[in-house]
1. If the reach is capped at under 20 angstrom between alpha carbons, list the lysines near LYS217, excluding any in the same chain fewer than eight residues apart.
2. When you take every Cα atom in the range 121-235, what is the radius of gyration, and what is Dmax, the widest Cα pair distance, in Å?
3. Can you give me the orientation-averaged projected area of the convex hull built on the Cα atoms of the range 84-134, in nm²?
4. Under a Cβ-only charge scheme (Lys and Arg +1, Asp and Glu -1), can you give me the dipole magnitude of the range 160-241 about the Cα centre, in debye to the nearest 20?
5. Using the basic label-point model (7 angstrom from Cα toward the beta carbon), what is the TRP194 to ALA273 distance in nanometres?
6. Who wins for biggest fluctuation among PHE104, PHE155, PHE248 in a Gaussian network model of the chain, springs between alpha carbons below 10 Å?
7. State whether the range 1-54 is rounded, prolate or oblate according to the following rule on the C-alpha gyration tensor (a ≥ b ≥ c being the square roots of its eigenvalues): a/c under 1.5 gives rounded; otherwise a/b larger than b/c gives prolate, and the remaining case gives oblate.
8. Compute the accessible area per residue over the chain, keeping the other protein chains in place, probe 1.4 Å, unit Å².
Amino acid sequence: RVEVCDYDDKTYKPPADCRVAIDIHGNLERWAPELPDRCIKILHATGPHWLQWNQAELAGLASIRDRNGIALRPRRQVEPSRGVEVADHVVVLGNEYTADSFAFGGKPVTRVPISSAYEFDWPADRNFEQAKRNFFWVASYGMVHKGLDLVLDAFAGLPELRLTVCGRPEKEGDFFSLYRRELEETPNISFRGWMDMGTTAFAEMARTHATLVYPSKAEGGAGSAIHCMHAGMLPACTRGASIDLGNFGVSISEATVDSVRQAALQIAAMPPAEVEQRARLAWEHVRR
């Protein structure tokens, strides 16, 4: 028998004979007094530890304050919890970045690589001479947490390269007010709004763009990055994205505008054949 509750349901009580309890963030410590001693308690961590996650977003907001003289509100802060302290085992979707954030708890950690809802054929007709100069950013919400501010500031100063942005920054009023010019009036930046990543429109985007640029502050294994790799894009990511870059990806060394700019210029300067090889290796990696 399996019982399922919403992660933010604070009224649910596990059955007295529960054998395995799996939680994604803040319920294990509340359930613990109700669980029998033999119950295996698993923290299924969809992000890094809350302290690392929250600090990462706040650092990004402080960086915007220092660059632009404005303090934006946080969007991705999570409540503190003692899940790792209570758990018997931790499961992570990302790589060592996410796993290491829970190491202090001294619990066994198992990695289950994050999956993608869609798979794509290799875009065989992509022109890498053109595509290597086209960069893509896509995410859900929390624009600062996902590094969109860094990407916009970097590409606004790189008129020879093109950036396509897919997401809903207009839902975050203070951020959109600050970056409206970059999103709507900068010739080399195209703001396309929300993108259904299972459509032919996304597949066409992948055919014309060689690189996902994703300087996220902190992730549990960035699903949007994995999805873009399935579509044949080369990942350019920060360590906080919690994505394996292997011998194909490009590391954005720090969550800074200059580091994003350097990574973009590095890729644009590569021979088309090298960009193609790296993108194919990324595609093969996620399929494995």
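1. Partners found: LYS146, LYS171.
2. Taking only Cα atoms of the range 121-235, I get Rg and Dmax of 13.4, 41 Å.
3. Numbers: hull surface 23.5 nm².
If you wrap the Cα atoms of the range 84-134 in a convex hull and average its projections, you get 5.9 nm².
4. Details: 9 positive and 10 negative charges, 35 e Å.
The dipole magnitude comes to about 160 debye.
5. Inter-label distance under the simple model: 4.4 nm.
6. PHE104
7. On the way: a/c = 2.08, a/b = 1.75, b/c = 1.19.
Prolate is the answer for the range 1-54, as a/c is 1.5 or above and a/b outweighs b/c.
8. On the way: 13530 Å² over 288 residues.
About 47 Å² of surface per residue is accessible.
The values are calculated or read from the model by the stated rules, or taken from the named source; none is laboratory data. Bear in mind that the values here come from a model prediction, so they are computed numbers and not experimental data. Ideal geometry is used to build each Cβ from the backbone, glycine not excepted, and the neighbour counts take in all protein chains shown. What goes into the accessible areas is simple: the full protein's heavy atoms, side chains included, and nothing from ligands, DNA or RNA. Shrake-Rupley method; radii C 1.70, N 1.55, O 1.52, S 1.80 Å.
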